[in-house]
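Just so it is clear, none of the values below were taken in a lab; they were calculated from the coordinates. Note that the coordinates shown come from a computational prediction; the quantities given were computed from them, not determined experimentally. Virtual Cβ from ideal backbone geometry, glycine too; neighbours counted across all protein chains shown.
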Amino acid sequence: MRITDAQVVVTSPGRNFVTLKVTTDEGLTGLGDATLNGRELAVASYLSDHVAPLLAGLDPHRIEDTWQYLYRGAYWRRGPVTMAAVAAVDVALWDIKAQAAGLPLYQLLGGACRDRIATYGHANGRDIPELLDSVRARLAEGYPAVRVQTGVPGLRAVYGVHTTDGEGVAVAHQRARPLVEDWDTEAYLRHLPAVFEAVRAEFGPGLPLLHDAHHRLTPVQAARLGKDLEPYRPFWLEDCTPAENQEALRLVRRHTTTPLAVGEVFNTVHDYRGLVTEQLIDYARSAVTHFGGVTPLRKLFDFAAQYQVKAAIHGPEDISPVGMAAALHLDLAVHNFGIQEYSGHTPLTHEVFPHAYTFSDGHLHPGETPGLGVRLDEELAAAHPYEPAYLPVNRLQDGTLHDW
Ligand code: CS2
Ligand code: MG
């Protein structure tokens, strides 16, 4: 079998997605997700200008060799744009190989280690009562675990939470310039333990509760937050400090038993190495889409397993159904699975990407369709073209731009 063509499709059925479609001379086609939220066209160009011309004529079965060719061969290794592009090729080739074998991808990864994939959903509110309603809504949808995010008294707009003027987060994503949100770390640190106390009081000790700090704390602030949350037994504290400085987590770890999760902005195993071998984290959160594909993420999870670090793949709305399906095949096959983030997609997104995976009773399953089990309705995709959109930024009360 030979690759005959590779096309990039950028579509916006509610938000932007970048998809690579690899075609072969035997009629099989494979899909890969290359969506990099807010920087989509950089990856689209990387793929169509620099990668697609290299793929024609290659044997799609040679996944490892093609991965090494694109990673080592480029000289300029790593980085989110490169690794999202490499991921799209890798996933498309796994899709083709599994279709050729007549098997769902997870079977080629060793077969199922579990029957279904536990998820967590997002609950958020401008204040505690609104958050409690949101948790209730996630539980009614069947989610077995919930991430809780709230507004902070005195702040107008906090990421992931509706602004006080009633404007939704989704609107912010569609703006031609980034929405400016505000931030005050001390106010947040004072408020969050009360949020956890209220959620525990309402829903009891058994509900797994997660929280995402979005890289906004210093090491000592993160250590204090971890300690302050300990009485409420969080499932994890995510991205507590900026991602560039992995050593910060040594200080955090020394002071708290709150489990730590990181990795959604990491691109390679090298970002994790010390964190895993020193056992400074509990969950590795990279997405297939931003880590170079199924091939390297499987290697990371196998490495992490030796240190009791678990897989918890990033699954926000900006991972397309193609990237989500790839995650689910891995989740089913790796032994050290922890939990899968799942935010779902708009109904139109599900139509543009018809898929075999299912969500029921708070659990996902990739389905039994050969390959990834996702297709692309190209006509519908073309009817919803790219729309410029940015993630928000945040500034401190004095106007200083702060960490994401
Ligand atoms: C978040 C994401 O899902 C998460 O944990 O951190 O919403 C993240 O902010 C976006 O994926 C950025 O594109
Ligand atoms: Mg996160």
Hydrodynamic radius (Kirkwood) for region 81-224, which is based on Cα pairs only, to one decimal in Å: 18.4 Å
Qualifying GluC sites (Glu not before Pro) in region 198-306, DSSP loop, other Cβ atoms within 10 Å at most 16: Glu244, Glu247, Glu278
Residue order, fewest to most surrounding Cβ atoms within 10 angstrom, among Trp236, Trp404, Trp183: Trp404, Trp183, Trp236
Share antiparallel - DSSP beta bridges, the chain, percent rounded to 5: 45 percent
Net charge of neighbours whose Cβ lies under 12 Å from the Cβ of Thr295, counting Lys and Arg as +1 and Asp and Glu as -1: 0
Burial order of peptide ranges 364-372, 315-323 (average beta-carbon count within 10 Å, highest first): 315-323, 364-372
Nearest 10 degrees, 0 to 90: helix 219-229 Cα axis against the chain principal axis: 70 degrees
Contact order normalised by residue count of region 108-369, Cα under 8 Å, 6+ apart, percent: 19 percent
Region 335-382 versus region 206-233: alpha-carbon centroid distance in Å: 31 Å
Over the chain: helical MRE at 222 nm, DSSP H runs n ≥ 4 each giving -39500 (n - 2.57), nearest 500: -10500 deg cm²/dmol
Ellipsoid semi-axes in whole angstrom, largest first, where each is sqrt(5λ) of the Cα gyration tensor of region 3-104: 21, 17, 11
Residue exposure sequence - Ile313, Ile281 - by fewest surrounding Cβ within 10 Å: Ile281, Ile313
Dimensionless Rg/Rh of region 293-404 - Kirkwood Rh, Rg from C-alpha atoms: 1.06
Assigned charges on the beta-carbon of Lys, Arg, Asp, Glu; the chain dipole about Cα centre (debye): 920 debye
Projected-area average for region 300-366 over all orientations - Cα convex hull basis, square nanometres: 4.5 nm²
Dipole of region 3-104, positive direction: furthest Cα of Thr29, Leu54, Leu41, with charges on the beta-carbon: Leu41
Overall Cα dimensions of region 290-339 - principal axes, largest extent first, Å: 30, 20, 15
Per principal axis, descending, Cα span of the chain in whole Å: 61, 45, 42
